[in-house]
Amino acid sequence: MSLRSSALRRNPPPAYLNRINGQPTIRLIVHKEKGTSTLKVARDVKLKLEEVKREVPRDLIFRVVDDESKEIHKSLKELYLLVGIIWPLSLFLCSSSSRASSRPS
């Protein structure tokens, strides 16, 4: 038995191929463990990806196709904006109502 036939038996062809714009790709999916922060896991994966990019040929293209942390960041920004609007407004309304109630009749 030759080395080639032995390798083919141990490593069958892939069941499916991933392609982007017709180019073969490697698909890597990262699932976070229960109880961990999506934002922290995403940050750590991005840092590790930058390390890997420095170690491989420059002509390799890395593309993040789906990043749940982007949607979480967007929602947090919207929440901070709402808090930034509601908090001063509620302070103003509370101070206005307390001044109105403390006036002698």
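Take the residues in the stretch 16-51 that are part of a loop (DSSP other than H, G, I, E, B) and among the β-branched types (Val, Ile, Thr), then tell me which one is modelled with the highest pLDDT.
Thr36
Listed here are the residues, each with its yes/no results for (1) within 10 Å of the chain's Cα centre (by Cα); (2) exposed (fewer than 10 other Cβ atoms within 10 Å of the Cβ).
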position: Lys32; (1), (2): no, no
position: Gly35; (1), (2): no, yes
position: Val45; (1), (2): yes, no
position: Lys48; (1), (2): no, no
position: Trp87; (1), (2): no, no
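Output the residue which, of all residues in the stretch 52-105 that are charged (D, E, K, R) and not in a helix (DSSP H, G or I), is modelled with the highest pLDDT.
Asp67
The values are calculated or read from the model by the stated rules, or taken from the named source; none is laboratory data. What you see is a predicted model; the values in this text were computed from it and never measured. Cβ sites come from the backbone with ideal geometry, for glycine too, and all protein chains shown count toward neighbours.
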